[in-house]
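**Student:** Shown below is the structure under consideration.
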């Protein structure tokens, strides 16, 4: 009886473990890997090699492998270049940092540029408001000519 109970508990735990792992799908994996021949994402590639890669992924899914297992198998088969996203270490880290740094620099330049543009507008308004006494007299005499 204890053997049957242990077997039932083991099967229940195994089913819970497999339910916790998300099932892989071709559409989920396709946008994360590249065609090794044409270098485009697999979901956009139309090369014969891309069809073979899709068939390989379908076979892996049919065997019940998880998404990570399939990705690991693809890397083992084709190399790390098959992944559409670069790794988070070494030289590949630059693919994440350079665009982020570019956005920060562009934001800083835009911020400084807008501040200086607004200051220049404020200064020009002050300069326009302040006229010297000769100009004020000339303006008043010109305006007086038009008064009826």
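**Student:** Out of the range 59-88, which residues are surrounded by fewer than 14 Cβ atoms within 10 Å (Cβ to Cβ), assigned to a helix (DSSP H, G or I) and either over 25 Å from the mean Cα position of the chain (by Cα) or at positive phi (or both)?
**Tutor:** 59, 62, 76, 77
**Student:** Right, another one. Within the range 16-48, which residues are closer than 14 Å to residue 74 by Cβ and either modelled with pLDDT under 80 or not in a loop (DSSP other than H, G, I, E, B) (or both)?
**Tutor:** Matches in the range 16-48: 24, 26, 28, 29, 30, 33, 34, 41.
**Student:** Kindly evaluate residue 95 against the criterion of being at pLDDT below 80, in contact with a strand residue (DSSP E or B) (Cβ under 6 Å, 6 or more places away or on another chain) and surrounded by 11 or more Cβ atoms within 10 Å (Cβ to Cβ).
**Tutor:** Criteria not met by residue 95.
The values are calculated or read from the model by the stated rules, or taken from the named source; none is laboratory data. From a predicted model like this one, the values you see are computed outputs, not experimental measurements. Note: ideal-geometry Cβ built from the backbone for every residue, glycine included; neighbour counts use all protein chains shown.
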